[in-house]
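See below for the structure under consideration.
Derivation of every value follows stated rules applied to the coordinates shown; laboratory data play no part. Just so it is clear, the structure is predicted and the values come from calculations on it, not from any experiment. Cβ coordinates were reconstructed from backbone atoms using ideal geometry, including for glycine residues, and neighbour counts include every protein chain displayed.
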Amino acid sequence: MPNMKIALGVLFLLGCSIARANAQSSQPPGFEVASIKPLNQLPAGATGFGSVTQDPSMISIRSVTLASLLRRAYGLEPFQISGPSWLDTQVYDVDAKLPSGATEAEIPIMLQQLLTERFRMTLRWDSKQETGYALVCRARLLLRWPPSSRMRCANP
C-alpha cells in the first residue's frame, strides 16, 4: 500500500509538471525586454513608418507611429485602421531584446503582445461596405489616349 501511494504521488507530480509545461508553451512569444519611448515630434526627414534595424538578439524601430506599429504587428493596410488622429501623429522609438531562437515570423506576434501590454490595446475586427470602381477590360481591348487629349508639358 505505501508503494501505491508513492507511485500515485510520482504520477501526480509528473502530471502537474506536464500541465505546467503545456501552459507555458501555449503563451504567445514575447520580447525579453522592451522599451517604448515617446518622441516630442517627428524628426526631420522621418516619415512615421519607422526605420528598422535588427540583429539576432535585438530589434530597434525608430520614429514610428502607433498606426505603423499596428500595420507591422497585424499585417494591415492603412485603410484597415481606424482610430483617434493621434495614431498617425504620436511618434515612438521601440527597442526590444529578442529571445534566443526567435524567428522572423514570431516578431509580429511579439509586437502584438507588446502593444497589448504597454498600451492596453484591444482590437475589434469589423467589416464595412465601401463604394469603389473596377476597371474591367475584354481580352483584346487596348487602352489608348484619344488624339485630342495628348499630354503636353508646358515650359515654366
Region 82-108, residues that are among the hydrophobic types (A, V, I, L, M, F, W, C) and surrounded by 16 or more Cβ atoms within 10 Å (Cβ to Cβ) | VAL91, VAL94, ALA96, LEU98, ALA102, ILE107
Among the residues of region 73-114, how many are in contact with a helix residue (DSSP H, G or I) (Cβ under 6 Å, 6 or more places away or on another chain) and either of a type in the set (Ser, Thr, Tyr) or not in a loop (DSSP other than H, G, I, E, B) (or both)?
-> 6
Is it the case that SER100 is among the polar types (S, T, N, Q), closer than 17 Å to PHE31 by Cβ and in contact with an Asp or Glu (Cβ under 7 Å, 6 or more places away or on another chain)?
-> no
